[in-house]
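Trainee: A single structure is presented below for examination.
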Amino acid sequence: MIQTLKWNIPAIAGFIAAFAALSSSFPASVSASISAKSWGKADGKAVSLYTLTNSKGLVAKITNFGGTVTSLLVPDKSGKLVDVVLGYDALKEYKANQGGTYFGALIGRYGNRIAKGHLVVDGKAYQLFINNKPNTLHGGKVGFNERVWTATPEQTPDGPSLTLTYLSPDGEENFPGNLTVKVVYTLLNTNGLKIDYTATTDKDTNINLTNHSYFNLDGAGTSTILDHKLTINADKYTPVDSTSIPLGKLAGVAGTPFDFRTAHTIGSRINETNEQLGFGKGYDHNWVLNSPVSGDVKKAVTVVGPKTGIVMEVLTDQPGVQFYSGNFLKGDIIGKKGLAYDHRAGLALETQHFPDSPNEPSYPTTLLKPGVTFHSTTIYHFPTP
Ligand code: BGC
């Protein structure tokens with residue numbers, strides 16, 4: 001059942017937007033809209049798939065299962081809409097999280113790894129679930145990517161938005177504190193997918209919230225990302241041990257394959273003999289963004305898809321970004337439209353605090369205290385080609 005949720009939008013506009021998405025052509029201008037359809041059940045709760053269309057005809061599909069972005073249609077250089085994120089056609093595939101890929105999902109409570117699942121808050125030790133031996137990854141056994149969120153669709157002057165809320169109870173995955181999380185996705189009429197995260201707690205706790213979309217700007221399932229051009233505004237990164245836990249120190253990128261301060265294709269140095277590339281099986285590291293941590297949203301990353309000419313800029317107020325080059329994809333996952341996702345078929349750019357920050361006092365803190373509201377913003381922006 002498809003239900004249009006804002007009745008003040010002329011029905012005809014919805015049809016135009018739906019037609020645009022179906023025909024994969026890029027209309028000059030449409031009215032922004034948001035619609036929902038039932039998409040099954042998870043954990044006994046109803047799951048919906050929401051379609052957000054902005055005034056330029058860009059389309060984002062997002063489900064309240066895991067707050068997952070399932071599809072993102074943006075225009076290429078000839079105006080044809082291209083789906084630039086990896087994902088599945090059906091809810092059951094997201095539930096399976098095959099290969100631990102976390103396609104498109106919201107990640108929490110703690111994005112990336114906590115060494116040996118060892119968390120100490122206010123002197124008390126909490127043992128987290130080890131789901132990525134010997135460490136905890138992306139929140140533990142059942143992360144936010146597998147939770148059913150409460151969804152509220154809305155039209156805003158900036159574009160259609162979907163507000164997702166989730167109360168993570170005290171002790172969930174052994175983290176302390178009742179954590180109330182709100183994530184607002186807005187498909188900006190200026191052609192960006194904006195993600196606003198807020199969180200509050202009733203006990204001291206650690207959080208690191210992000211989104212785990214895998215991008216392929218030449219179209220999901222069509223090629224690898226090795227010929228994508230990448231720029232990261234970072235002089236330093238956090239080198240890791242053989243289990244991908246940061247060593248604590250920061251290392252300069254100069255003279256290494258980690259130097260993306262000027263645009264490089266991802267494939268140009270990925271196979272160099274380098275201990276860090278070996279540990280990550282390619283790029284799977286946290287870059288320390290040059291932008292000051294001041295609450296300002298700044299451009300951190302630029303990616304260009306060579307065939308489509310699609311440019312994506314990642315703007316964030318977070319101190320780090322995990323650039324993961326899809327090293328663990330190996331062609332056995334069949335995604336949307338029956339297309340297989342080969343080795344390095346997508347890249348993730350997870351804006352975040354640094355991995356394992358709770359165990360590394362020199363990193364920006366991830367401790368959230370009662371009475372304080374955590375807020376952060378990331379925008380995946382697509383300048384018109
Ligand atoms: C991690 C990778 C992991 C991927 C999928 C990334 O954030 O750094 O090591 O394979 O997520 O789970």
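Coordinate-derived values only; no laboratory data. Only a predicted model underlies this, so the values are computations on that prediction, with no experimental measurement involved. Because the Cβ atoms are built from the backbone with ideal geometry, glycine has one as well, and the counts that use them run over all protein chains shown.
Trainee: Restricting to Cα pairs below 8 Å that are 6+ residues apart, what does the relative contact order work out to for the chain? Please round to a whole percent.
Mentor: On the way: 1050 pairs, mean separation 62.5, N = 385.
So the answer I get is 16 percent.
Trainee: Could you tally the net charge around residue 177, taking each other residue with its Cβ under 13 Å from the Cβ of residue 177, Lys/Arg +1 and Asp/Glu -1?
Mentor: -2
Trainee: Karplus couplings for the stretch 38-46 from phi (6.51 cos²θ - 1.76 cosθ + 1.60, θ = phi - 60°), rounded to Hz, Gly and Pro as x?
Mentor: 5, 10, x, 9, 9, 6, x, 10, 6
Trainee: By the scheme Lys and Arg +1, Asp and Glu -1, what is the net charge of all other residues having a beta-carbon under 9 Å from that of residue 99?
Mentor: 0
Trainee: Calculate one ³J(HN,Hα) per residue across the stretch 322-330 by plugging θ = phi - 60° into the Karplus curve 6.51 cos²θ - 1.76 cosθ + 1.60, and present them in order as whole Hz with x for glycine and proline.
Mentor: Karplus values, whole Hz, x for Gly and Pro: 8, 9, 10, 8, x, 5, 9, 6, 9.
Trainee: Quick check of the Kirkwood formula: for the stretch 236-284, what is the inverse mean of 1/r over all pairs of different Cα atoms, in Å?
Mentor: The Cα-based Kirkwood calculation yields 11.2 Å.
Trainee: Add +1 for every Lys or Arg and -1 for every Asp or Glu among the other residues with Cβ under 13 Å from the Cβ of residue 130, and state the total.
Mentor: +3
Trainee: Let me ask something else about it. Counting Lys and Arg as +1 and Asp and Glu as -1, each charge on the Cβ, what is the dipole of the chain about the Cα centre in debye, to the nearest 20?
Mentor: With Lys and Arg at +1 and Asp and Glu at -1, about 580 debye.
Trainee: Pull up all non-local amide H partners of residue 288: gap of 5 or more, or a different chain, and H-to-H distance under 5 Å with H placed in the peptide plane.
Mentor: Those qualifying (amide H under 5 Å, at least 5 residues apart or on another chain) are 236, 237, 238.
Trainee: Right, here's the next one. How many percent of Cα pairs in the stretch 2-381 exceed 41 Å?
Mentor: Across the stretch 2-381, Cα pairs with separations above 41 Å total 8 percent.
Trainee: Same structure again: Name the most mobile residue of 291, 213, 357, meaning the one with the largest mean-square fluctuation, in a Gaussian network model of the chain with Cα contacts below 10 Å.
Mentor: Top of the fluctuation ranking is 291.
Trainee: Kindly write out, for the stretch 273-278 in residue order, the coupling ³J(HN,Hα) from the Karplus curve 6.51 cos²θ - 1.76 cosθ + 1.60 (θ = phi - 60°), rounded to whole Hz, with x marking Gly and Pro.
Mentor: Rounded to whole hertz, the list is 6, 7, 4, 5, 5, x.
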